[in-house]
1. How would Phe25, Phe131, Phe37 line up from fewest to most surrounding beta-carbon atoms within 10 angstrom?
2. Give me the distance in nm between label points sitting 7 Å out from Cα along the Cα-to-Cβ direction at Val44 and Ser68, one decimal.
3. Between Ile32 and Leu148, what FRET efficiency comes out of the Förster formula 1/(1 + (r/R0)^6) with R0 = 22 Å and r the beta carbon distance, rounded to 0.05?
4. Of the lysine pairs in the range 2-133, how many meet both conditions: Cα atoms under 23 Å apart, and a spacing of 8 or more in sequence or different chains?
5. Stretch Ser140-Glu20 to full length: gain in nm at 0.36 nm per residue minus the Cα-Cα span?
6. Rounded to the nearest 500, what is the 222 nm mean residue ellipticity of the chain from helices alone, with -39500 (n - 2.57) per DSSP H run of 4+ residues and division by all residues?
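Bear in mind these aren't lab numbers, they're just calculated from the coordinates by the rules spelled out. Only a predicted model underlies this, so the values are computations on that prediction, with no experimental measurement involved. In this analysis, Cβ positions are derived from the backbone assuming ideal geometry, glycine residues included, and neighbour counts consider all displayed protein chains.
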Amino acid sequence: MERTLIIVKPDAVQRGLTGEIIRRFEARGLRIIGMKFMLISREVAERHYAEHKGKGFYEGLLNYITSSPSVVMVLEGPNAVQAARTTIGKTKPFEAEAGSIRGDLALETGRNLVHGSDSVESGEREIAIFFKADELVSWSRASDPWILE
């Protein structure tokens, strides 16, 4: 089973879209194995976005992600990274497919509602920034045989 980090970003929380976004991942068949409602600190944001340090948008990104609470969660399932990214949609909402979170609910790249890990390796690194191992609970749903082969 793969794991991926999802951040329901401040714009989504402020717009009251948290439940809708979580619903879409659960409807897809991914399991939530960890979740926090938090105000992301600048230190944590710097660690999370370290790969973007030095880029023109870096400071704005840090200011945005630390501006208001977010919901941070870990999803688990087969091909969880790709399943989550497809559910989220392309980074630029105007390019995202209808039916995806961004395609249906977002207009601009800087307010694209949700982050999802872009690879299994990134997911592992990102999860470790936000969660301790004992905060994650792998579990089985009674409906898993109807979702998974």
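1. Arranged by neighbour count, lowest to highest, Phe25, Phe131, Phe37 become Phe37, Phe131, Phe25.
2. Label at Val44, label at Ser68, 1.8 nm between them.
3. The calculated FRET efficiency here is 0.90.
4. For the range 2-133, qualifying lysine pairs total 11.
5. Full extension from Ser140 to Glu20 adds 40.9 nm.
6. So the helix-based figure for the chain works out to -10500 deg cm²/dmol.
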